[in-house]
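Reviewing the structure listed below.
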Amino acid sequence: MKYVDITKNGGSEVLQIKEVTAPSPKKGQILIKVAAAGVNRPDVLQRMGLYPPPSGAAPYPGLEVAGTIEKIGNGVTGFNEGQQVCALLAGGGYAEYCVVPYQQVLPVPKNLSIIEAASIPETYFTVWSNIFDIGKLKKGERILIHGGSSGIGTTAIQLCNTFGSEVYVTVGNDEKRNACIDIGAKKAINYNKEDFYESINEYTDSKGVNIILDMVSGDYVNKNIKLLTHKGRLIFIAFLKGPKAEANFGLVMQKKLLITGSTLRPQSKYFKGKIAKKLYEQVWPLFEQKKIKPIIDSVYPIEEVSKAHDRMESNKHIGKIVLTF
């Protein structure tokens with residue numbers, strides 16, 4: 001089978017298509033013939049040597065796929081060969097075939113294409129786990145999402161809005177601002193033109209927000225803390241401005257704030273399986289009712305994987321980038 005190898009750590013040019021024997025499913029696994037694979041920021045970090053795959057995962061990148069079940073391992077029920085599915089992986093999605101624990105596999109939602117389905121797992125698992133399971137977002141609460149036009153951002157906007165929350169986001173330009181408003185954000189702040197702390201205070205009459213989903217860190221941290229309401233929740237899922245920052249813990253104590261974060265990739269198949277079950281129950285009907293949809297920025301054939309990574313690193317994308325086989 002064809003797969004994308006990282007020949008050495010570096011720029012997108014180190015991604016090379018090579019051949020290897022296709023894997024076989026072990027007990028509790030499903031072999032998927034991949035039709036499309038999502039491109040995510042962790043793939044770029046892995047290529048650079050900054051985010052190695054967890055033990056036991058395929059060494060090549062790719063955290064989400066959609067395709068057709070080729071073969072089912074022993075002990076797997078509820079799936080059929082030939083069924084169209086999407087799946088969350090710990091690695092190995094940039095390939096014609098991949099194996100994955102059955103707990104991390106879901107049927108392709110009705111009304112969605114295989115390309116749209118490939119863009120679901122990484123962002124929807126991440127958003128559900130952090131905002132709804134950890135953050136316990138409630139109807140009527142206000143949430144600020146940094147990086148609103150990213151795959152995570154466009155997912156979070158739609159889910160939070162659909163479940164009755166007031167959504168605010170930060171973005172880097174007016175095109176991204178308009179795109180976020182179109183899919184349900186109440187306000188989108190262009191951080192190159194406005195200070196998000198001042199703008200959120202103005203928009204909320206100085207009430208602030210209940211939850212902040214942050215993938216930036218750095219100098220955003222203290223502004224986040226000041227914006228949070230009593231018993232607000234600050235949730236980190238990445239740190240584009242670096243993992244270290246100064247924080248006013250006096251305000252944290254006064255407001256009884258919760259500061260937390262998580263990484264999804266190294267979690268167990270049982271942890272991911274619990275999220276998958278909640279998504280199937282709570283979110284799959286929303287896809288089928290056309291209340292939400294994956295936002296696709298661009299699609300590249302696997303032979304142009306380097307261009308897909310360049311697009312990701314340009315930060316010009318709005319929504320998801322997908323590779324096809």
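Here is how the numbers come out for the structure above:
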{"item": "Rounded to whole Hz, the Karplus (6.51, -1.76, 1.60) HN-Hα couplings of the range 267-275, x for glycine and proline", "result": "5, 6, 5, 6, 4, 5, x, 5, 5"}
{"item": "Inter-centroid distance (Cα atoms) of the range 36-73 relative to the range 181-228, Å", "result": "32 Å"}
{"item": "Signed unit charges on C-beta, dipole axis of the chain, positive-most listed residue GLY49, VAL34, TYR197", "result": "TYR197"}
{"item": "Hz values of 3J(HN,Hα) by residue in the range 19-31 - Karplus curve (6.51, -1.76, 1.60), Gly and Pro given as x", "result": "10, 8, 5, 5, x, 10, x, 8, 4, x, 10, 10, 9"}
{"item": "Test item: Cα-centred dipole of the chain, Lys/Arg +1 and Asp/Glu -1 on Cβ, debye", "result": "1060 debye"}
{"item": "Gap separating the Cα centres of the range 83-125 and the range 267-305, nearest whole Å", "result": "7 Å"}
{"item": "Proximal charge balance of PRO266 [Cβ under 15 Å; K/R count +1, D/E count -1]", "result": "+2"}
{"item": "Long-range HN-HN contacts of SER165 with modeled amide H, under 5 Å", "result": "GLY140"}
{"item": "Most to least packed among 278-286, 221-229 [average Cβ atoms within 10 Å]", "result": "221-229, 278-286"}
{"item": "Exceeding the 32 Å Cα-Cα cut-off - candidates LYS187/LYS255; LYS139/LYS256; LYS18/LYS277; LYS26/LYS241; LYS136/LYS187; LYS186/LYS241", "result": "LYS18/LYS277; LYS26/LYS241"}
{"item": "³J(HN,Hα), Karplus 6.51/-1.76/1.60, whole Hz, each residue of the range 224-237, x for Gly, Pro", "result": "4, 4, 5, 7, 6, 7, 4, 6, x, 10, 10, 10, 9, 10"}
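Just so you know, all these numbers are worked out from the coordinates, no wet-lab data involved. Note that the structure is predicted; figures quoted are calculated from it, not measured. All Cβ positions, glycine included, derive from the backbone under ideal geometry; neighbour counts span all protein chains shown.
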